[in-house]
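*Asks:* Handing you a structure now.
The values are calculated or read from the model by the stated rules, or taken from the named source; none is laboratory data. These numbers were taken from a predicted model, which means no experiment stands behind them. Note that we place each Cβ from the backbone using ideal geometry, even for glycine, and neighbour counts take in every protein chain shown. Keep in mind that these areas ignore ligands, DNA and RNA; they rest on the heavy atoms of the full protein, side chains included. Shrake-Rupley method; radii C 1.70, N 1.55, O 1.52, S 1.80 Å.
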Amino acid sequence: GVVLQEPAGAPSPLTAAGGVGDAAAEVQLSRLRWAVLLLFSSYSLCNAFQWIQYGSINNVFVRFYGVSAFAIDWLSMSYMLIYIPLLFPVAWLLEKRGLRLIALAGSALNAMGAWVKLGSLKPHLFPVTVLGQVICGLAQVFILGMPSRIASVWFGSQEVSTACSIAVFGNQLGIAVGFLVPPVLIPNVEDVEKLAYHISIMFFMTAGVASALFILVIIVFKEKPLNPPSQAQAMIQSRPAAEYSYVQSILRLLRNANFLLLMVTYGKLLHLCECVCVSPQGEEANAGRIGLTIILSGMTGALISGIWLDKTKTYKQTTLVVYIMSLVGMIVYTFTLSLGHLWVVFVTAGLLGFFMTGYLPLGFEFAAELTYPESEGTSSGLLNVSAQIFGIALTISQGQIIDRFGTKAGNLLLCSVLFLGTIMTAFIKADLRRQQANLENEQT
């Protein structure tokens, strides 16, 4: 990597405002950073797969366990409910004990949940599979807010957004695999013994992969590189641990007007994809394929947005463009859905996914810029809580409106939410504190 020498004792421009000390004298990129990123992305993929593996073949598990479809749906909903109350304890643990412990806990819980599910291969053992899913939901708390933190700790200022998008990519790819693989591994057969055998294949494969990833985390995953990858990270690492207060950090975030605006707009946009997956009349069987199209195009959008941000650093402008294009796409989707042209629905859904899901790493990175030198894990966690809350609220609201007034009225609600989000995004000031820290130190 490139080594940049800084004058010893050069004062930091953010010392007074952010409470950080002098920048370290040496900045260097570690070769291990890509292995750490790939490993995180892999166990994030495995966790996301376990989230969606029941929902993609809902009817099979309903018949096997003899429970209602609502009970199977709650296996996925449990992830959301677990995340919200445990965000702050895990974020506190991240600041006190560090990134390696969080990685070990997330990958260990993910593997543990997968093995517990292997004890639920009889129809009367549904509570055991619930327990396994709850443990996987606990693992998600140690995973979901980490992409921007890993990117900042391990990657330089010219690749940090790309790294964040790759970390997010793993989670999205896991959802896509969760849509595609279970129907292939578990055929819809009537014989309960054969069904248990096919389910066991999926559970054994998942447990094996999750366990291998946990072992790799133990061997490969380090707390941080020997040298900080950027001047902004060097300044944070040079801060005495006694100066940091987690409670004060939360309060500073909640007093940051630009971050609060981003938190609301992020929550509105991110979970609209879950509400959009409505198929044309008579094509209900394609709802899952439309959802998969949104996810796959969103993965592409996430990678492109990360590369674009590293090249241009235009966080505010890119965020606003994404919101505007999502609004236009949602309007087109709403008024073409009733025409019955399935290819139009797929194309529009793909465009929506490209911009909406591509917003995920963009939101993480914009938050890291607006809140520097606060912890990226805390800011990302608050964004995810906002997304969970808005996701639940919008899903319930849209469902009520669709029941009373029809699909178009429900999608018009989403259009209005996107319009309000676009206006709010325009008021976010591009206060790029992390970039300012890097630039000022390079000039010094």
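*Asks:* What tally of residues in the stretch 64-81 results from selecting those that are touching a Pro at 6+ places or on another chain (Cβ under 9 Å) and either free of Cβ contacts under 8 Å to residues at least 40 places away in the same chain or hydroxyl-bearing (S, T, Y) (or both)?
*Replies:* Here is the first cut: in the stretch 64-81, the ones touching a Pro at 6+ places or on another chain (Cβ under 9 Å) are 64-66.
From what's left, either free of Cβ contacts under 8 Å to residues at least 40 places away in the same chain or hydroxyl-bearing (S, T, Y) (or both): 65.
Qualifying residue count, the stretch 64-81: 1.
*Asks:* While we're here: If I filter the stretch 255-287 down to residues being buried (at least 17 other Cβ atoms within 10 Å of the Cβ) and of a type in the set (G, A, S), which single residue comes out as modelled with the lowest pLDDT?
*Replies:* S279
*Asks:* Output the number of the condition that E223 fails; it satisfies all remaining conditions of (1) buried (at least 17 other Cβ atoms within 10 Å of the Cβ); (2) within 25 Å of the chain's Cα centre (by Cα); (3) assigned by the TED database to the domain that holds L45.
*Replies:* (1)
*Asks:* Would you mention how many residues in the stretch 106-128 are in contact with a Gly (Cβ under 6 Å, 6 or more places away or on another chain), touching a residue at least 60 places away in the same chain (Cβ under 8 Å) and surrounded by 17 or more Cβ atoms within 10 Å (Cβ to Cβ)? Write out each step before concluding.
*Replies:* Pass one, the stretch 106-128, residues in contact with a Gly (Cβ under 6 Å, 6 or more places away or on another chain): 113, 116-117, 123, 128.
Narrowing further to those that are touching a residue at least 60 places away in the same chain (Cβ under 8 Å): 113, 117, 123.
Right, trim to surrounded by 17 or more Cβ atoms within 10 Å (Cβ to Cβ) and you get 113, 117.
Of the residues in the stretch 106-128, 2 are in contact with a Gly (Cβ under 6 Å, 6 or more places away or on another chain), touching a residue at least 60 places away in the same chain (Cβ under 8 Å) and surrounded by 17 or more Cβ atoms within 10 Å (Cβ to Cβ).
*Asks:* So, one more: I'm checking my understanding of the structure. Among residues of the stretch 182-211 that are touching a residue at least 60 places away in the same chain (Cβ under 8 Å) and open to solvent by 50 Å² or more (accessible area, probe 1.4 Å), which one is nearest to the chain's Cα centre (by Cα)? Can you show your working first?
*Replies:* Residues of the stretch 182-211 that are touching a residue at least 60 places away in the same chain (Cβ under 8 Å), as a first pass: 182-183, 186, 188, 192, 195-196, 199-200, 202-204, 206-207, 209-211.
Narrowing further to those that are open to solvent by 50 Å² or more (accessible area, probe 1.4 Å): 183, 188, 192, 204, 209.
Numbers: P183: 25, N188: 31, V192: 36, F204: 26, V209: 21 Å.
So, considering only residues that are touching a residue at least 60 places away in the same chain (Cβ under 8 Å) and open to solvent by 50 Å² or more (accessible area, probe 1.4 Å), the one nearest to the chain's Cα centre (by Cα) is V209.
*Asks:* It is to be established whether one or more residues within the stretch 150-165 are in a helix (DSSP H, G or I), open to solvent by 50 Å² or more (accessible area, probe 1.4 Å) and modelled with pLDDT of 90 or more.
*Replies:* Within the stretch 150-165, not a single residue is in a helix (DSSP H, G or I), open to solvent by 50 Å² or more (accessible area, probe 1.4 Å) and modelled with pLDDT of 90 or more.
*Asks:* While we're on this one: Here are G377, G381, G363, G391: which of them is more than 30 Å from S157 (Cα to Cα) and open to solvent by less than 20 Å² (accessible area, probe 1.4 Å)?
*Replies:* Numbers: G377 fails: more than 30 Å from S157 (Cα to Cα); G381 fails: more than 30 Å from S157 (Cα to Cα); G363 fails: more than 30 Å from S157 (Cα to Cα).
Going through G377, G381, G363, G391 in turn, just one is more than 30 Å from S157 (Cα to Cα) and open to solvent by less than 20 Å² (accessible area, probe 1.4 Å): G391.
*Asks:* Now a separate question. Given the condition among the hydrophobic types (A, V, I, L, M, F, W, C), open to solvent by 30 Å² or more (accessible area, probe 1.4 Å) and either out of contact with any helix residue (DSSP H, G or I) (no Cβ under 7 Å at 6 or more places or on another chain) or free of Cβ contacts under 8 Å to residues at least 40 places away in the same chain (or both), answer yes or no: does some residue in the stretch 297-307 qualify?
*Replies:* Yes - at least one qualifying residue is present in the stretch 297-307.
*Asks:* Suppose the filter is open to solvent by 50 Å² or more (accessible area, probe 1.4 Å), among the aromatic types (F, W, Y) and either closer than 25 Å to I294 by Cα or modelled with pLDDT of 90 or more (or both); does F169 pass it?
*Replies:* Numbers: open to solvent by 50 Å² or more (accessible area, probe 1.4 Å): yes; among the aromatic types (F, W, Y): yes; either closer than 25 Å to I294 by Cα or modelled with pLDDT of 90 or more (or both): yes.
So F169 fits the description; yes.
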